[in-house]
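Enquirer: Starting off with a structure, shown below.
The values are calculated or read from the model by the stated rules, or taken from the named source; none is laboratory data. Please read these numbers as outputs of a predicted model, since none were measured by experiment. Reconstructed Cβ throughout: ideal geometry from the backbone, glycine too, with neighbour counts over all protein chains shown.
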Amino acid sequence: MKPRHFLTLLDLSPTELKEVIANAIELKKQLKHGEINDSFKNRVLGMIFEKSSTRTRVSFEAGMTQLGGSALFLSPRDTQLGRGEPIEDSARVLSSMVDQVMIRTFGHNIVERFAKYSSVPVINALTDDFHPCQLLADVQTYVEHRGQPSGKTVAWIGDGNNMCQSYINAARQWDFQLNIACPKGFEPNAELMQANKERIKLVHDPIEAIRGADWVSTDVWASMGQEAEQKEREQAFAGYMVDHELMSHANSGAVFMHCLPAHRGEEVSAELIEDQQLSVVWDEAENRLHSQKALMLFLSQHSGQ
């Protein structure tokens, strides 16, 4: 049986994604009740980090431990990956020794090439194009607080980055309307927009995007690797900070999300991110743990492991 990979949200069907979310919620309850789940006893996750992270490393490593397995942290400084070994060779070797591989890197083609030659499931833990694991946590959070997102309106305020592009895929898979507000020149991938044009609205006015929204999300204006553009981006994104005034244009009961880390006073106000009536960012962050456990279990079950 060929391994199932998770490189974008489109690698699972809408039904399968709902199954993962439902199991994530159940796994969360089990953990809170102290129930032991050792489904991954003697299993190993290889974690390749070319981009550093707090939430990604802790959530995957803790998740494997809670499921009875273990995780290996692999950085370019410590492996042949950082010394020019072909991705195809690394994929063949690593996948012969571990049960799943998680990769956090730059180019999306890297995870695609790795998955092509891997004999075990490969998980995209972030590339420059997509961040599907974060969307699993975001959807889980919305389901827990407000129910299924199908038929709802979601507003993305900010850069048309990997998070925005994963929200476009999420709109397709969970059947919701996505309003995107970004400055000119910072739009998401044009082909991706065109492929989902029936459920996407692109504007350059945050108020227009957020009007009537049930769920509002944003991200930092300068992502990892774009630090040199910080000042330029601050000017371009002036007026795009999500605060209480902007949230007042959303529907009553709308929730605010941010994948973190957040720059308070830039893309989000300090007051909003701490407002427990609107902000669900702390549940959202915790849910990376539960949704990724559910994802790893799904991939294992559907890969004949």
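Enquirer: Please state which one of L126, L136 is in a helix (DSSP H, G or I) and of a type in the set (A, V, I, L, M).
Expert: L136
Enquirer: Tell me which of these I25 doesn't satisfy, since it passes every other one: (1) assigned to a helix (DSSP H, G or I); (2) under 12 Å from K293 (Cα atoms); (3) touching a helix residue (DSSP H, G or I) at 6+ places or on another chain (Cβ under 6 Å).
Expert: Going through (1) assigned to a helix (DSSP H, G or I); (2) under 12 Å from K293 (Cα atoms); (3) touching a helix residue (DSSP H, G or I) at 6+ places or on another chain (Cβ under 6 Å) one by one, I25 breaks only (3).
Enquirer: Shifting gears a bit: Could you list, in sequence order, all residues of the range 185-200 that are under 21 Å from the mean Cα position of the chain (by Cα) and surrounded by fewer than 23 Cβ atoms within 10 Å (Cβ to Cβ)?
Expert: F186, E187, N189, A190, E191, L192, M193, A195, N196, R199, I200 - these are the residues of the range 185-200 that are under 21 Å from the mean Cα position of the chain (by Cα) and surrounded by fewer than 23 Cβ atoms within 10 Å (Cβ to Cβ).
Enquirer: Out of the residues in the range 239-272 meeting the condition of being in a helix (DSSP H, G or I) and in contact with a His (Cβ under 9 Å, 6 or more places away or on another chain), tell me which one is surrounded by the most Cβ atoms within 10 Å (Cβ to Cβ).
Expert: Among those residues, the one meeting the criterion is L272.
Enquirer: Let me ask something else. If K2 passes every condition in (1) on the phi < 0 side of the Ramachandran plot; (2) touching a strand residue (DSSP E or B) at 6+ places or on another chain (Cβ under 9 Å); (3) of a type outside the set (A, V, I, L, M) but one, which one does it miss?
Expert: (2)
Enquirer: Exactly one of (1) in the same structural domain as E19 (by TED's automatic domain parsing); (2) in a strand (DSSP E or B) is unmet by A294. Its number?
Expert: (2)
Enquirer: Identify all residues within the range 204-221 that are without any contact (Cβ under 8 Å) to a residue 40 or more places away in the chain and not in a helix (DSSP H, G or I); write none if there are none.
Expert: H204, D205, R211
Enquirer: Among (1) more than 14 Å from the chain's Cα centre (by Cα); (2) within 27 Å of C182 (Cβ to Cβ), there is one condition R113 misses while meeting the rest; what is its number?
Expert: (2)
Enquirer: Would you mind stating whether C182 is more than 28 Å from K293 (Cα to Cα) and outside the structural domain of S53 (by TED's automatic domain parsing)?
Expert: Considered against the rule, which asks whether it is more than 28 Å from K293 (Cα to Cα) and outside the structural domain of S53 (by TED's automatic domain parsing), C182 comes out as yes.
Enquirer: Report whether or not I168 is aliphatic (A, V, I, L, M), in contact with a strand residue (DSSP E or B) (Cβ under 9 Å, 6 or more places away or on another chain), closer than 19 Å to L17 by Cβ and buried (at least 22 other Cβ atoms within 10 Å of the Cβ).
Expert: When the stated conditions are applied, I168 passes them.
Enquirer: Report yes if some residue within the range 148-159 is farther than 30 Å from Q276 by Cβ and not in a strand (DSSP E or B); otherwise report no.
Expert: No: the range 148-159 contains no residue that is farther than 30 Å from Q276 by Cβ and not in a strand (DSSP E or B).
Enquirer: Hey, could you check the range 273-305 for residues that are surrounded by fewer than 22 Cβ atoms within 10 Å (Cβ to Cβ), among the hydrophobic types (A, V, I, L, M, F, W, C) and over 22 Å from T54 (Cβ atoms) and say which is farthest from the chain's Cα centre (by Cα)?
Expert: If we take residues in the range 273-305 being surrounded by fewer than 22 Cβ atoms within 10 Å (Cβ to Cβ), among the hydrophobic types (A, V, I, L, M, F, W, C) and over 22 Å from T54 (Cβ atoms), then L278 is farthest from the chain's Cα centre (by Cα).
Enquirer: Another question, then. Report yes if A213 is buried (at least 23 other Cβ atoms within 10 Å of the Cβ) and outside the structural domain of K51 (by TED's automatic domain parsing), otherwise no.
Expert: So A213 fits the description; yes.
Enquirer: Right, next: Please work out if V143 is within 15 Å of L12 (Cβ to Cβ) and of a type in the set (A, V, I, L, M).
Expert: The answer is no for V143.
Enquirer: Got a sec? Which of K201, K231, K184 is on the phi < 0 side of the Ramachandran plot, in a loop (DSSP other than H, G, I, E, B), without any contact (Cβ under 8 Å) to a residue 60 or more places away in the chain and among the basic types (K, R)?
Expert: So the residue among K201, K231, K184 that is on the phi < 0 side of the Ramachandran plot, in a loop (DSSP other than H, G, I, E, B), without any contact (Cβ under 8 Å) to a residue 60 or more places away in the chain and among the basic types (K, R) is K184.
Enquirer: So which residues in the range 21-50 are over 30 Å from R146 (Cβ atoms), buried (at least 18 other Cβ atoms within 10 Å of the Cβ) and charged (D, E, K, R), if there are any at all?
Expert: Across the range 21-50, the qualifying residue is only R43.
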